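S.K.: Before we start, here is the structure in question, set down as structure tokens.
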Amino acid sequence: MDDLDRSILALLGADARMSVATLARRVKVARSTIQARLERLETSGVIAGYTVKLGEAARQGRIRATVLLTIEPRSQANVLSRLKALAPVERIHTTSGRVDLLLQVAAASTAALDEVLDQIGEMTGVRSSESLIHLATKLDRAV
């Protein structure tokens with residue numbers, strides 16, 4: 001990736017609906033150059049897709065939590081498989097440090113969140129869990 005690719009990605013990160021013509025004007029290159037760059041970035045997997053980023057208004061009414069999990073040795077594959085089957089689990093990250101997995105969970109109510117947290121805590125292979133309820137989002141740069 002060069003500076004032009006990074007400029008294209010920055011502009012699309014701010015507005016994924018930006019047209020090829022507008023991109024070309026903003027970075028001061030030919031439209032065909034932008035089209036070729038986009039095709040290369042998509043083919044190489046740098047751009048995995050174009051999506052809608054939901055704002056706070058769309059997320060209102062959902063209770064979100066980060067869940068820190070410590071799992072038994074050699075049980076990660078089994079635990080991951082069961083976690084992926086739970087719709088409220090939005091993201092799963094492996095970590096280094098005192099916990100093995102970091103989950104992002106969202107539910108429609110505290111009762112629904114409590115239920116999914118119980119399901120996670122009761123899974124075979126889960127040694128311990130700690131839940132951190134999200135109160136307010138102060139910054140969100142994720143796409």
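S.K.: Through the Karplus equation 6.51 cos²θ - 1.76 cosθ + 1.60, θ set to phi - 60°, convert the phi angles of the range 16-24 into ³J(HN,Hα) values in whole Hz; use x for Gly and Pro.
M.R.: 5, 8, 4, 6, 4, 4, 5, 4, 4
S.K.: Please list, in order along the range 63-73, the HN-Hα scalar couplings obtained from phi with the Karplus expression 6.51 cos²θ - 1.76 cosθ + 1.60 (θ = phi - 60°), rounded to whole Hz, x for Gly and Pro.
M.R.: For the range 63-73, the Karplus curve yields 8, 10, 8, 9, 10, 9, 10, 10, 10, 5, x Hz.
S.K.: Then there is this: What does the charge count near Ile120 come to, summing +1 for each Lys or Arg and -1 for each Asp or Glu among other residues with Cβ under 15 Å from its Cβ?
M.R.: Counting the neighbours of Ile120, the net charge comes to -3.
S.K.: Once you've got the GNM for the chain with C-alpha springs shorter than 10 Å, pick whichever of Glu39, Glu90, Glu72 has the biggest mean-square fluctuation.
M.R.: In this elastic network of the chain, the residue with the biggest mean-square fluctuation among Glu39, Glu90, Glu72 is Glu39.
S.K.: Another one. How high is the relative contact order of the chain? Use alpha-carbon pairs under 8 Å, at least six apart in sequence, and give a whole percent.
M.R.: Relative contact order comes out at 25 percent.
S.K.: For Asp100, list long-range residues whose amide hydrogen, built 1.01 Å from N in the peptide plane, is under 5 Å from its own amide hydrogen.
M.R.: Under 5 Å from the amide H of Asp100 lie the amide H atoms of Leu69, Thr70, Ile71, each far enough along the sequence or on another chain.
S.K.: Over the range 3-43, with a single point scatterer placed on each C-alpha, what log10 of the ratio I(q)/I(0) does the Debye formula yield at q = 0.16, 0.21, 0.22, 0.26 1/Å?
M.R.: Debye curve over Cα of the range 3-43, log10 I(q)/I(0) at q = 0.16, 0.21, 0.22, 0.26 Å⁻¹: -0.31, -0.55, -0.61, -0.87.
S.K.: Quick check: convex hull over the Cα atoms of the range 56-133, volume per residue in Å³, rounded to an integer?
M.R.: 86
S.K.: Average projected area of the Cα convex hull of the chain, in nm²?
M.R.: Mean shadow area of the hull around the Cα atoms is 11.0 nm².
Computed from the coordinates by the stated procedures, all read-outs in this text should not be read as laboratory data. Every value quoted in this text rests on a predicted model; they were computed, and no experiment measured them. As a convention, Cβ positions derive from the backbone with ideal geometry for all residues, glycine included, and neighbour counts pool all protein chains shown.
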